[in-house]
Structures are given as structure tokens and as C-alpha cells.
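What follows is one structure encoded as C-alpha cells, with my remarks underneath.
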Amino acid sequence: MENPGFQTSKDDPPQYEETSFCTNGFGNGERRAIRSSVVSAFGHDTLDRVPNPDFYRNAASISGHRAVRPSLHELHDVFQKNGGLNLPSPLEDSEGVDSSTLGDVESVTPLEEKDTGGVVKFGWIKGVLVRCMLNIWGVMLFIRLSWVFGQAGIGLGIVVVLLSVVVTSVTCLSMSAICTNGVVRGGGAYYLISRSLGPEFGGSIGLIFAFANAVAVAMYVVGFAETVVELLKDSNALIVDPTNDIRIIGCITVVLLMGITVAGMEWEAKAQVALLVILLVAIANVFVGTVIPSTQDKRSKGFFNYHESIAKENFIPDFRDGETFFSVFAIFFPAATGILAGANISGDLRDPQEALPKGTLLAIFITGVTYLGIALVVSVTVVRDATGNRNDTIQAGASCNFSSACDFGYDFSICQTTKCNYGLMNNFQVMTLVSGFGPLITAGTFSATLSSALASLVSAPKVFQALCKDNIYKALKFFAKGHGKNNEPIRGYILTFLIAVAFILIAELNTIAPIISNFFLASYALINFSCFHASYAKSPGWRPAYKYYNMWLSLFGAVLCCAVMFVINWWAALLTYGIEFFLYIYVTVKKPGKNADYVY
């Protein structure tokens, strides 16, 4: 019996004449029963037995979950599609198959709960584009972008943004190749690398990436707390002082976020779209505000609408307080992270091979243009220093050449000797000043920081749990245990919470951001190098469906990330790579065997 949907070719097995061997074996002419699952799997009848779940390892597990593994019936469903057949599941053909469970660490969904229609949850817009943009647009957009361009100037500020875009774009191409090299479940960058290129690379990246996400929680929460403290200062309602208030509000915020996370609250697609709408309105509000004539109060704080003299003055860099190009880049770079937000849920995408490259690259492009656009309109409308005092005007007969503000009747020369509170260099809330309606910027800041903090608070324990489940580092096996029906990593949440609180106590966003940059750059360097290594070595298991990548471009991305790390902080880069090489050598020496928990 041939499957009418099966396309014959010269490589097909030969067709033999029927003999008694094709019957029941007793020569009475009665044919052996044809199993439909065999026909669907191989395209023709055969004596070969279709593999069933009992043939997999650890089949007697009582863990309560059945392994989600594609059967030959699922892998060869092209025959059903082509032939229009309606064949039963091959499980009906397996006599005595124990349908209890398989204790596989890859198990995530009981088989009976799996969508039999094969429909996946998200398309490339909601699943990748929206998620990536929400993670990339964050605390830097509203409360540090103006400071970056104030320090670096318009010229070098553009270079800072473009360098970040180049690093993330090259990494995205490498990530797309790795993502399309096989099925990806939970675990983010760790799962991508470990399942494609082995536990040596994956184990080292996993710990670094999980730690970077844990510290990112602190960065987003501190950004949120800074905004709240500014509101308290405007109302003269500080609790203690600005620094300690950031610590207090930050710790309270992360406790509340921890409660939401442990309670199992899930951000559905509609909630993400709502957050995106708030951010888009806030961004549009900035552009609208720049064309609204400035008031006397705004002029005293350095906002004078569009003027060529302001653009010329702000074009050249003016690094202060020991800042350099690369230190400013280190503070800004976390704004470009978040490109793995879509890859973390690639198992829930309708077509990961199309969605991940398209959605992630488009998100990088849109957010990059947004960062440049907002930075430029702010840099040509606001001066670097302003007092905020309406009476600091130029007196009759007095001379003033401190800044372009003198051309508009304001003398801010006192800022040469005294610390001023306004202007690009001094006021982290410039976006609120420039915007048409300030509270919208506050709402945008809150939604961006809290959603990103919650996303990092969830992703860090998930990545860490996936690493611990594989038992690569036996000392971390304690954190592999999950709780509840969703296998929530409660122990991982507590560890992430403690790390976040420790960095929140620093209470300085400009100190926390470079730490995150260091670890994210290390993760991206390893992702790029892993892609290059697999391509150059021509590994038999390296067959990515995404073809628009180049191994030499991946190598360039890895070298670029390493170079930027060393220029930013050479001893931190040496420490980071020393840790990674130690982890790599450890896993190489203690490589999990075939019977270990790790699944190759």
C-alpha cells in the first residue's frame, strides 16, 4: 500500500512483488494488517517498527510529565498534507505503551495538553517585534539619552548609538542562525548555544547571561526610583535624602515585582500592546513638545526650541566628571539589549525561522531610529547648562559669551563655578521638560522601566533553572527544582531577588549600567563566536535554516564585542573572560556523559 501523498524518487526503496512473506506468514493468502502509522511515517508499508516513547531513555519516570518529543508521524506530516490523508496517531499502533510519563528534563507540556492542530501562539509581530521593542525602549530612552548626547555631543552621540546598533545587529544575525538550527524551548541564550553547540559554550554563557539579567532588574528599578524621587523633590516630600530614597523605593518596588512574579502573573499579548501604545504616545509627545513655543519657565531651564546656534554648540563633545567616549557608551549600551526577548519564546512562535530574524532586526532598526530621532530633537533645542532662575537674564550693557543661551537673553555663566540643576548635562528629566505634556513622559518611564524589570526578573531565573536542570554544574542542582503546575523556579526567583537588591543599594544608575554592559557584551561575543565556530568547523549538526549570515561577520562581531569590553574597562573584561574560560574548561573536563541529565 503506497501513500498517495508520497512523492517517489530514485532514492525510494524498491517495490517487490508480493509473496507469502507479505502475508501473515502461514501461506494462507491472508495479508498482514497494514499499520497506518507506518504508512504515514515512511510513505509505504514496511516491516520496520515505528519508534514509540518506550524506546527513549528514562521511560519509567514518575515525574508527572511526558516528554514532548516529535514523533516520526509529526515529522513526516508532509505526507498527510500532500495526500490529504486522515491517519490516526501512531500511538494507537503501539501495543501496551505506558502513557504515564517520561522524566525528561525537556518535558514542558503534557502530551494531552498539546495543541494537536500544531497551531503556535504568536506571530512575528506580537511574539518578537513587540517584545523586543518593549525591552529595548526602557530607562535610557527617557532619563539618560539627553545626558549621553550632552557629554558626547551630537557627533559622537550618533556614533554611540550606531555602534550599539552594529553590535546588536551582527549578534542578531548569529542568533538567528543558531535559533533556526533546531527547536528552542525555554532558557534563552543558554538553550540556544548549549543545544546547538554543546554544554561547554552554553554553560559559560548561561551563567553570565542569567547574572546580567539579574543586574538588569536593579538598573530598571533604580531608573524607576529616580523618576519617583524627582517627583518627590518637586513636591518637597523626600523621605530621607535623594540617594537613600532611591534605595528605599527601589527595594519596595522589587519586593512588589517579586510578589507579582511568584503569584504567576503573566503578561499577555494585549497587555504588551497596551504598554507599547503608552510608550509610542510618550515618544510622540516629545516630538510634539519641541515645536510648541517654550515658556519663560522652560527657557530659564534651557529649552529654547529649534535654533542653529544650539545645534552647533552641542555638536562637539564636552566630557565632564572624568567621562570618556567609551564610559558614556558603557552607560548607554544596556539600552540596546533586549534582542533575545523573542528568542526566549521561540518555542511559542508560529514560524521561528521567519519570525526571529524579521522581528528582531526590525525592532533593532525601529528603536535605533527612535533613539537617534529623540536625541537629535532634544540636542538642538536644549543647552547644556541652565540655572532654572527666571531672573538670570542679561542686564543692559552686560556681555555674555558662556553659551548660545546668551543669544536668547539668558546668562547662565554662573554654571562655570556652581553646579546647576538644569540643561542636558545636569537634568535627567529633560524629556519631561521638552515634551508637550510632562505626565505622559512619566507614564512612559514607569511603563518602560517596570515592564522591563519584570521581564528580567522572570527571564533570569528561567535561564538559570534551565542551566541547573542539565546538571552541568552539580553544585547548582539545588536551583533546578520547580514548583507548581508551571514548574516555577521559586529558588531562582529568590536568588535573583537578592542579587537585584544588592545592586539596588548602589543607587547609582551610571554605576550599574557599565556592569550590565560588560556581561551583555560578553554574552554577545560568545554568541557570535559560537556561530563562527560551528560554521568554520563544519559541524555535522550545524544546519541552520537562516542563510543570511556569514561566519566572518560573526567573528567580526565577537572581536568587536571583546574590543569594546577591554576599552570600557580592561580589568573587568579580563575578570569576565577569566570566569568564562574557567567555566568552559570545567565543563570540558567534567563533560556530561550520555546518561547524564544533559540532552544532546
Report task. Return a yes/no flag: does the stretch 552-574 have any residue that is of a type outside the set (Lys, Arg), open to solvent by 50 Å² or more (accessible area, probe 1.4 Å), more than 23 Å from the chain's Cα centre (by Cα) and under 21 Å from Tyr190 (Cα atoms). Result -> no
**Report entry** Flag for Asn285 being modelled with pLDDT of 85 or more and assigned to a loop (DSSP other than H, G, I, E, B)
**Finding:** no
Requested in this report: Could you grab me the full set of residues in the stretch 363-395 that are aromatic (Phe, Trp, Tyr) and open to solvent by less than 50 Å² (accessible area, probe 1.4 Å)?
Outcome: Tyr371
Query raised in the report: Among the residues of the stretch 210-230, how many are over 21 Å from Ile339 (Cβ atoms) and of a type in the set (Ser, Thr, Tyr)?
Result: 1
Report task. Could you tell me whether the stretch 514-532 includes any residue that is open to solvent by 10 Å² or more (accessible area, probe 1.4 Å), modelled with pLDDT of 90 or more and farther than 20 Å from Leu356 by Cα? Result -> no
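Residues are listed down the side, and each one gets a yes or a no for (1) modelled with pLDDT of 85 or more; (2) more than 31 Å from the chain's Cα centre (by Cα); (3) open to solvent by less than 60 Å² (accessible area, probe 1.4 Å):
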site	(1), (2), (3)
Gly397	no, yes, no
Lys419	yes, yes, no
Val430	yes, no, yes
Val434	yes, no, yes
Query raised in the report: Is there any pair linking a residue in the stretch 556-569 that is under 12 Å from Phe329 (Cα atoms) to one that is open to solvent by 40 Å² or more (accessible area, probe 1.4 Å) and of a type outside the set (A, V, I, L, M), with Cβ under 6 Å and at least six apart or on different chains, and which?
Result: Val567/Phe326; Ile568/Phe326
Query raised in the report: Does Asn401 meet the test of being open to solvent by 60 Å² or more (accessible area, probe 1.4 Å) and either more than 20 Å from Thr295 (Cα to Cα) or touching an Asp or Glu at 6+ places or on another chain (Cβ under 8 Å) (or both)?
Result: yes
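Do we find that Leu145 is over 27 Å from Leu440 (Cα atoms) and at pLDDT 75 or above in this structure?
When the stated conditions are applied, Leu145 does not pass them.
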Query - Unmet criterion (only one of (1) of a type in the set (Ser, Thr, Tyr); (2) closer than 30 Å to Gly373 by Cα; (3) open to solvent by less than 50 Å² (accessible area, probe 1.4 Å)) for Tyr493 - result: (2)
Report task. Run Leu498 past the list (1) open to solvent by 20 Å² or more (accessible area, probe 1.4 Å); (2) in contact (Cβ under 8 Å) with a residue 24 or more places away in the chain; (3) assigned to a helix (DSSP H, G or I) and report the number of the one that doesn't hold. Result -> (2)
Requested in this report: Take Ile472 and decide whether it is buried (at least 24 other Cβ atoms within 10 Å of the Cβ), assigned to a loop (DSSP other than H, G, I, E, B) and touching a helix residue (DSSP H, G or I) at 6+ places or on another chain (Cβ under 7 Å).
Outcome: yes
Query - Looking only at the stretch 226-250, and only at residues there that are open to solvent by less than 10 Å² (accessible area, probe 1.4 Å) and touching a residue at least 40 places away in the same chain (Cβ under 8 Å), the one that is farthest from Phe333 (Cα to Cα) - result: Gly250
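The values are calculated or read from the model by the stated rules, or taken from the named source; none is laboratory data. Fair warning: this is a prediction, and the values are worked out from it, not measured in the lab. Cβ atoms come from the backbone with ideal geometry, glycine included; neighbour counts cover every protein chain shown. For the accessible areas, the whole protein counts, side chains as well, though only heavy atoms, and no ligand, DNA or RNA atoms are used. Shrake-Rupley method; radii C 1.70, N 1.55, O 1.52, S 1.80 Å.
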